[in-house]
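Worksheet for the structure shown next.
The values are calculated or read from the model by the stated rules, or taken from the named source; none is laboratory data. In this text, all values refer to a predicted model and were calculated from it rather than measured experimentally. Positions of Cβ are generated from backbone atoms using ideal geometry, with glycine treated the same way; all protein chains shown enter the neighbour counts. Side chains included, ligands, DNA and RNA excluded: accessible areas come from the protein's heavy atoms. Shrake-Rupley method; radii C 1.70, N 1.55, O 1.52, S 1.80 Å.
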Amino acid sequence: MLSACGSGSGSGDSAESGGLTSVKFAMASPSWNAGFAVMAVVEAEGFYEEEGLKVTTNLFPSATQAAQQVAGGGADLGLMTVEPVAIGHDKDLNLAYFSSYWPKWIYSLQVPDGSAVKSIADLKGKKIGVTAVASSGATFARTAMKLNGMSENDATLVPIGAGAQQINAIKSGQVDALALWDIQYQAVKNAGVTLTPLPVKETADAWGGGFATTRKNLDAKKDVLERFGRAVAKAFVFAKANPEAAIRDLWKLHPETRGSDPEEKALADGIKVLQVRLDGQGFDDKALGRIDEAAFTRSLDFMASAGLIKKFPPKDVYTDQMFEAVNNFSYDDVTKRAESAR
């Protein structure tokens with residue numbers, strides 16, 4: 001399942017192309033949706049070009065696959081949740097984050113309102129819907145069960161894809177619970193399904209993930225990474241100032257995300273999903289992309305407690321040396337530009 005957006009082939013390793021530096025970017029998502037509207041804005045509004053970049057984006061169904069692409073040289077950098085980089089630490093994957101995208105842990109277990117399932121222990125013998133068996137949501141479900149004294153085989157993980165497939169699966173009773181991420185839950189709620197979370201205390205206040213590259217690239221391509229991060233930060237500011245324009249940018253580049261609902265409802269639903277991604281990003285103190293060490297440590301503690309990783313210092317897999325450069329632009333100028341957009 002591979003799709004591409006953007007102009008050009010992105011051939012070469014961050015090669016120069018027409019005065020712009022070509023960058024190959026691997027994004028962990030099975031499809032485009034409003035939760036990634038910011039990543040459409042950055043292209044549609046020309047922020048990559050402003051930073052001297054020509055970016056080709058490829059989608060991969062899971063964070064693990066995106067991480068493998070970056071580690072193997074198939075991409076210069078990737079957007080992925082924290083699990084594959086942390087787990088890859090002991091396997092010499094040599095990846096590290098340089099900018100945040102998900103300041104909060106995005107995965108959770110949720111059940112339809114009125115379900116007899118009231119705790120993780122109640123999932124025994126039940127079916128849990130996941131985007132894919134190899135997805136980070138599936139890894140989270142297995143880990144949460146393990147931390148609650150269950151075997152990962154005590155419940156069945158059922159791949160239900162994304163979008164309408166997820167909604168149909170929960171509405172029709174094909175699955176008893178869901179192990180998805182935040183914006184997918186908002187999409188399910190937009191479809192009229194009321195959900196109740198099953199608390200997993202170990203992931204409270206944990207970090208979610210962001211943009212990662214190889215340790216080698218942190219030095220060799222530092223300037224490119226900073227420019228990429230700054231382009232994305234501009235897109236975040238634009239999207240916050242004018243979320244409707246951000247959703248329209250997404251529709252323009254990826255018409256399949258428009259759906260068949262009336263325009264007013266489609267816009268309202270899209271903005272609700274986008275708002276989930278905008279929350280907690282650090283707009284007020286102009287710290288977009290900053291990685292919080294305490295939150296990162298909680299993520300590692302969660303994985304270590306489940307035996308997924310051995311404990312190691314957080315700075316082994318992230319750097320906080322770039323977020324000042326990432327925020328080195330005029331927030332006011334981008335906000336004014338967004339406010340005049342349609």
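Considering every residue within region 213-231, establish whether at least one is crowded, with 21+ Cβ neighbours inside 10 Å and closer than 27 Å to residue 179 by Cβ. Within region 213-231, none of the residues are crowded, with 21+ Cβ neighbours inside 10 Å and closer than 27 Å to residue 179 by Cβ.
Condition check: touching a residue at least 24 places away in the same chain (Cβ under 8 Å) and either more than 12 Å from residue 38 (Cα to Cα) or part of a loop (DSSP other than H, G, I, E, B) (or both). Does residue 240 satisfy that? For residue 240, the condition - touching a residue at least 24 places away in the same chain (Cβ under 8 Å) and either more than 12 Å from residue 38 (Cα to Cα) or part of a loop (DSSP other than H, G, I, E, B) (or both) - is not met. The set of residues from region 189-246 being of a type in the set (Val, Ile, Thr), more than 21 Å from residue 28 (Cβ to Cβ) and at pLDDT 95 or above comprises just one member, 237.
Taking (1) part of a strand (DSSP E or B); (2) modelled with pLDDT under 95; (3) open to solvent by less than 10 Å² (accessible area, probe 1.4 Å) in turn, residue 10 satisfies each apart from (1). Residue pairs whose Cβ atoms lie under 6 Å apart, sitting 6 or more positions apart in sequence or on different chains, and linking a residue in region 153-174 that is modelled with pLDDT of 90 or more to a partner that is open to solvent by 50 Å² or more (accessible area, probe 1.4 Å), are 154/124; 155/126; 156/127; 157/133; 158/127; 159/133.
Each residue in region 181-197 was checked for being in a strand (DSSP E or B) and out of contact with any Leu (no Cβ under 9 Å at 6 or more places or on another chain), and 2 pass. When region 252-294 is filtered for residues that are of a type outside the set (Ser, Thr, Tyr), assigned to a helix (DSSP H, G or I) and within 18 Å of the chain's Cα centre (by Cα), the ones remaining, listed by number, are 270, 271, 272, 273, 274, 275, 276, 277, 278.
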